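Inspection log for the structure reproduced underneath, given as structure tokens.
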Amino acid sequence: MHSNFFAMRSDLAACRTLVEGERRRWIITGVAGFIGSNILECLLDAGQVVVGLDDFSTGSRQNLADVRAAVGAEAWSRFRFVEGDLRDAEACREACREGGILLHQAALGSVPRSIKDPLTSHQVNVTGTLQLVLSARDAGVTRIVYASSSSVYGDHPALPKVEDVVGRQLSPYAVTKYADELYASVCAEHYRLTIAGLRYFNVFGPRQSPAGAYAAVIPRWIEALSKGTAGVIHGDGATSRDFCYVANVVQANLRAALAPLPQASHTVFNIACGRATTLVTLYELLRASVAASAGGDAPGAVHEDFRPGDIRHSLADTTRAASLLGYRPTHQIEEGIPLTVDWFLRVRESSEAGAR
């Protein structure tokens, strides 16, 4: 790939300003994943020291290579990588042993995956998270921020979703994320920890993989459209989501890590844009963006059956995050989609050029 392909991204600039000026130690689990690698890139470019944990079950070595190319040798020298599984107590202890601020992104995502194999989802997402929290406690970690999910709202019909009102969870994945929140509350109280849970709403952006049976819808549709293939919409397309560009999520993690939250407390926050977009509208945004970037037309969608365990509508109230964290999304879906499409098309173009 050409030398400036992984130049630092301007979409992360506002996030970097949140931590520049004081060097801290950070721990990122799932560091080779989509969200984790974006946080890593931001922190290293801002002069921070980072320890990362990943087992590459869903993340990729390429993501780490991309970050290294983006930030350069000096910044990369401030990164220490631990290859290991959340279910391995020694790996958790090794990642946490020097203390710092823990940003826990590692998980087995996907509703369909959890329905097919609920036991593994539970072992990684619940047992692994609890083990990590205990390792952080023993190492004197000062703040824990962890990834929860909008799926915890389940079948509660009210919109927008507010943090204190949840329904019945509709999938094993949702249950694991809700269990993490319950454990976080108990651990904060008994072990005098300050913990923030971030309920992500449909995050998208650069480095989100289109590969595999459990790929998220946006990278999957970009991949299909860029090849001239129709994307698949499950259901009638009126299903709606609060899509959130990854730079907003990076910002939320850094703000939750540094905000003056009460000692020995656990607080959950919705992290989203506060706007609902239907799948039909999303598809047309992607279709137009791919056509504009790649040239020519892109095919319309095909429809298949609804997927079991999916909720019909999702929309976040982000008042609490705005009030307590100062969170304000910098990228709405209209800004995030072109950035994401551009990233994926450049990656694909460079990969094809390298293969020739």
Of the conditions (1) surrounded by fewer than 21 Cβ atoms within 10 Å (Cβ to Cβ); (2) farther than 16 Å from VAL111 by Cβ, the single one that GLY235 does not satisfy is (2)
Among the numbered criteria (1) over 18 Å from HIS104 (Cβ atoms); (2) surrounded by fewer than 21 Cβ atoms within 10 Å (Cβ to Cβ), which one does ASP11 miss?
(2)
Among the residues of the stretch 283-292, is there at least one that is farther than 20 Å from ILE233 by Cβ and over 20 Å from the mean Cα position of the chain (by Cα)?
yes
Restricting attention to the stretch 137-156, report how many residues are open to solvent by less than 50 Å² (accessible area, probe 1.4 Å) and touching a residue at least 60 places away in the same chain (Cβ under 8 Å).
9
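Any residue that is more than 17 Å from the chain's Cα centre (by Cα) and of a type outside the set (Asp, Glu) - is there at least one of those in the stretch 35-45?
Looking only at the stretch 35-45, we keep the residues that are more than 17 Å from the chain's Cα centre (by Cα), and these are 44-45.
Still in the running and of a type outside the set (Asp, Glu): 44.
Checked against the condition, which is being more than 17 Å from the chain's Cα centre (by Cα) and of a type outside the set (Asp, Glu), the stretch 35-45 yields at least one hit.
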Pairs where the first residue, in the stretch 240-269, is closer than 17 Å to VAL162 by Cβ and the second is basic (Lys, Arg), C-beta under 7 Å, 6+ apart:
ASP242/ARG275; VAL268/ARG199; PHE269/ARG199; PHE269/ARG320
Consider LEU43 against the criteria (1) farther than 30 Å from HIS234 by Cβ; (2) surrounded by 24 or more Cβ atoms within 10 Å (Cβ to Cβ); (3) modelled with pLDDT under 95: it satisfies all of them except one. Which criterion is unmet?
(3)
Looking only at the stretch 232-264, count how many residues are of a type outside the set (A, V, I, L, M, F, W, C) and in a helix (DSSP H, G or I).
4
Screening THR267, THR229 for residues that are open to solvent by 10 Å² or more (accessible area, probe 1.4 Å), modelled with pLDDT of 95 or more and either of a type in the set (Val, Ile, Thr) or assigned to a strand (DSSP E or B) (or both) leaves only THR267
Unique match (being touching a Ser or Thr at 6+ places or on another chain (Cβ under 8 Å) and either under 29 Å from ALA211 (Cβ atoms) or surrounded by fewer than 24 Cβ atoms within 10 Å (Cβ to Cβ) (or both)) among VAL31, VAL49:
VAL31
Quick one: how many residues across the stretch 115-136 are within 25 Å of ARG307 (Cβ to Cβ) and either open to solvent by 30 Å² or more (accessible area, probe 1.4 Å) or part of a loop (DSSP other than H, G, I, E, B) (or both)?
8
Inside the stretch 157-176, the number of residues satisfying the requirement of being assigned to a helix (DSSP H, G or I) and either open to solvent by 10 Å² or more (accessible area, probe 1.4 Å) or farther than 23 Å from HIS122 by Cα (or both) is 3
When LEU18 is run through (1) at pLDDT 95 or above; (2) open to solvent by 30 Å² or more (accessible area, probe 1.4 Å); (3) under 19 Å from ALA256 (Cβ atoms); (4) assigned to a helix (DSSP H, G or I), the failure sits at (4)
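The values are calculated or read from the model by the stated rules, or taken from the named source; none is laboratory data. This one's a predicted model, so the numbers in the text were calculated from it and none came from an experiment. Don't worry about glycine lacking a Cβ; one is built from the backbone with ideal geometry, like all the others, and counts go over all protein chains shown. When the accessible area is computed, the model is the full protein with side chains, heavy atoms only, and any ligands, DNA or RNA have been set aside. Shrake-Rupley method; radii C 1.70, N 1.55, O 1.52, S 1.80 Å.
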